[in-house]
């Protein structure tokens with residue numbers, strides 16, 4: 001059965017057209033996860049555990065029809081972003097930054113996938129700060145998610161690591177591993193403070209406090225005036 005055609009808003013303009021294509025529930029989270037590379041249907045379902053299987057199937061069909069994603073012949077059951085879909089990358093990163101403007105504690109049952117953590121770090125990356133710092137690898141464990149972020153000058157490359165890392169090819173900078181490595185673990189409830197202006201405790205597994213400070217210079221979300229009050233009002 002073909003996916004239903006998106007309902008039009010009766011509006012002529014770019015925002016209306018964009019929302020018609022990717023504005024359905026779950027659609028942008030699927031795009032977010034595909035920013036890391038090709039994913040199988042089962043990978044997407046694992047990363048989005050609350051999405052019903054029929055809705056995931058419908059969204060994949062709709063995104064294909066919109067030209068945002070396509071099937072990957074070399075990955076059985078796999079999908080990837082098209083060039084048009086990859087143009088959504090700065091949009092997704094901007095939404096990620098906007099969403100962290102007023103971090104809140106994770107609700108019961110909320111999870112952070114490795115793809116989600118990868119996008120969070122890429123959105124928090126401050127290339128101007130990183131440009132003058134030594135090449136460094138940051139291995140971050142947050143909740144059940146683990147990623148490796150290699151920073152070389154103004155470039156960051158993030159990929160899944162650990163036992164749950166996806167087997168599909170992922171992007172990796174064509175450089176040797178940096179000599180300086182920081183590996184640490186942070187609780188989900190402390191992640192927002194770590195990337196903001198708080199002082200949460202982190203469990204350093206390799207490296208030193210100087211590298212933790214370097215990480216915080218390299219990955220940081222700026223506070224937005226009034227965002228905290230707005231988030232508190234929404235949660236009340």
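The values are calculated or read from the model by the stated rules, or taken from the named source; none is laboratory data. Given the structure is predicted, the values throughout are model-derived calculations rather than measurements. Heads up, the Cβs are rebuilt from the backbone with ideal geometry, glycines too, and the neighbour counts pull from every protein chain shown.
Quick look at the values:
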quantity	calculated
Residues of segment 12-32 classified as in contact with a helix residue (DSSP H, G or I) (Cβ under 7 Å, 6 or more places away or on another chain) and at pLDDT below 95, total	2
Elements of type helices (runs of 4 or more DSSP H) in segment 79-183, at least 1 residues being surrounded by fewer than 20 Cβ atoms within 10 Å (Cβ to Cβ), outside the structural domain of residue 194 (by TED's automatic domain parsing) and at pLDDT below 95	89-99
Boolean, residue 56 is touching a strand residue (DSSP E or B) at 6+ places or on another chain (Cβ under 9 Å), at pLDDT 95 or above and in a helix (DSSP H, G or I)	no
Any hit, segment 60-70, residues being touching a strand residue (DSSP E or B) at 6+ places or on another chain (Cβ under 7 Å), part of a strand (DSSP E or B) and free of Cβ contacts under 8 Å to residues at least 60 places away in the same chain	yes
Test result for residue 48, out of contact with any strand residue (DSSP E or B) (no Cβ under 9 Å at 6 or more places or on another chain), buried (at least 19 other Cβ atoms within 10 Å of the Cβ) and within 26 Å of residue 157 (Cα to Cα)	yes
